[in-house]
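The values are calculated or read from the model by the stated rules, or taken from the named source; none is laboratory data. Quick caveat, the model's predicted, so the values are computed rather than measured. Heads up, the Cβs are rebuilt from the backbone with ideal geometry, glycines too, and the neighbour counts pull from every protein chain shown. Side chains are part of the model used for accessible areas, which takes the heavy atoms of the whole protein and leaves out ligands, DNA and RNA. Shrake-Rupley method; radii C 1.70, N 1.55, O 1.52, S 1.80 Å.
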Amino acid sequence: MKAMLRLDAEAEFHDLQAAKRSESFRNGQANLKFSDQEFLDHETWIRPAFRKLGSMKGKVALDYGCGHGMAAIVMARARAQVTAFDLSAGYVREAAARAIANNVSVECIQANAEQLPFPDAKFDIIWGNAILHHLDMTEAGRELIRVMRPGGVAVFCEPWGENPLLRFARRFLPYPGKGRTIDERPLRRNDLDPLKSLFKSVDIQGFQLFGMVQRVWRNTNVWSSSHKFDDRLLRLAPKLNNLCRYVVVTMRK
């Protein structure tokens, strides 16, 4: 019962988000067409995370919790055979419309990540952005490993919750784009334990340590400098990945 209430609340929240976006498309304030660069560079972790998927040509790919569907379209342009799903019917409609507007073929369906409607060992690659932290990790992990082919890879970009100062800011301070569902919270390291028991490897890479300043300081030069500094610092001191705003989680079967 609790799980159903959680899923209903998630679907309602994201349907409302999709409805607001749909209104902007109808009013001509936004365009369904976009370039790969617009998607890959809209956050600092997206392009490096996408590279972890490897070559997509001829691969069977899943956009897991697809939202607006932009990742699915980038994968389809890279000549993958792509399926996209989301719990939100509104976002599924947007993803389907975006695929048509960008002249690519993507199968878009409404589905629950904890009970996937796909056969065993269907997908070579799985992509997800800001989705795992909404889920029961044990249930989601079992479904992920089930639908992945041997040797498959899954890459997820997720908000990270190990930085105590960032936890305070997320809870108490106002900033743009703070909206969230009542049950969601950033991933913590122990949330990954169910995945580590299922997959051959589970690796994390942090993004935006000092670079998280971009959430409150809208200065392009500051962003660029802070991200370059982060890149060097995190290579020199890997333990600081644990304090980053976001992580890329890479799982291999």
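Provide the per residue accessible area, probe 1.4 Å, for the chain, rounded to a whole number of square angstrom. Walk me through the numbers on the way to the answer.
Details: 13030 Å² over 253 residues.
Accessible area per residue: 52 Å².
Which of [x] 17.7, 49; [y] 19.4, 60; [z] 19.2, 72 is the computed Rg and Dmax of the Cα atoms in Å for the structure on display?
Computed from the coordinates, Rg and Dmax of the Cα atoms in Å corresponds to [x].
Pull out the extension gain between residue 229 and residue 107, defined as 0.36 nm times the separation in residues minus the alpha carbon to alpha carbon distance; nm, one decimal.
39.9 nm
Please report the Cα spread of the stretch 1-151 along all three principal axes, rounded to whole Å, starting with the longest.
41, 39, 27
What's the extension gain from residue 149 to residue 201 if we count 0.36 nm per residue and subtract their Cα-Cα distance? List each step's numbers first, then the result.
Details: separation 52, 0.36 × 52 = 18.72 nm, distance 1.46 nm.
Full extension of this stretch gives 17.3 nm more.
Could you check the simple spin-label distance between residue 89 and residue 118, using points 7 Å along Cα→Cβ, in nm with one decimal?
2.3 nm
What distance in nm separates the two pseudo spin-label positions at residue 81 and residue 33, each 7 Å out from Cα along the beta-carbon direction?
My value for the distance between the label points is 3.0 nm.
Say we join alpha carbon atoms closer than 10 Å with springs in a Gaussian network model of the chain; which of 39, 85, 156 then has the biggest fluctuation?
Maximum fluctuation in the GNM of the chain, among the listed residues, is at 39.
Explain nothing, just the number: dipole magnitude of the chain about its Cα centre with +1 on each Lys and Arg Cβ and -1 on each Asp and Glu Cβ, in debye rounded to the nearest 20. The partial results should precede the final answer.
Values: 38 positive and 28 negative charges, 164 e Å.
Value, rounded to 20: 780 debye.
Between residue 168 and residue 55, what length comes free when the chain is fully extended (0.36 nm per residue of separation minus the Cα-Cα distance, one decimal in nm)? Please list the in-between numbers first.
Numbers: separation 113, 0.36 × 113 = 40.68 nm, distance 3.95 nm.
So the extension gain works out to 36.7 nm.
Once you sort the root eigenvalues of the Cα gyration tensor of the stretch 7-89 as a ≥ b ≥ c, which label holds: rounded (a/c under 1.5), prolate (a/b larger than b/c) or oblate (the other case)? Can you show the working numbers first?
On the way: a/c = 2.00, a/b = 1.46, b/c = 1.37.
Note, shape of the stretch 7-89 comes out prolate.
Name the residue, out of 111, 99, 78, whose mean-square fluctuation peaks in a Gaussian network model built on the chain with Cα pairs under 10 Å.
Maximum fluctuation in the GNM of the chain, among the listed residues, is at 78.
Of all the accessible heavy-atom surface of the chain, with the other protein chains kept in place and a 1.4 Å probe, what percent is carbon and sulfur?
Values: 6970 of 13030 Å².
The value for the chain is 53 percent carbon and sulfur by accessible area.
What residue among 164, 99, 128 has its Cα farthest toward the positive end of the dipole of the chain, where the charges are +1 on Lys, Arg and -1 on Asp, Glu, each on the Cβ?
Positive-end residue among those listed: 164.
Give me the one-decimal nm value for the distance between modelled label points at residue 190 and residue 22, 7 Å along each residue's Cα-to-Cβ direction.
My value for the distance between the label points is 4.1 nm.
Per DSSP H run of n ≥ 4, the term is -39500 (n - 2.57); total these for the chain, divide by its residue number, and report the mean residue ellipticity at 222 nm rounded to 500 deg cm²/dmol.
Calculated from helices alone, the mean residue ellipticity at 222 nm is -11500 deg cm²/dmol.
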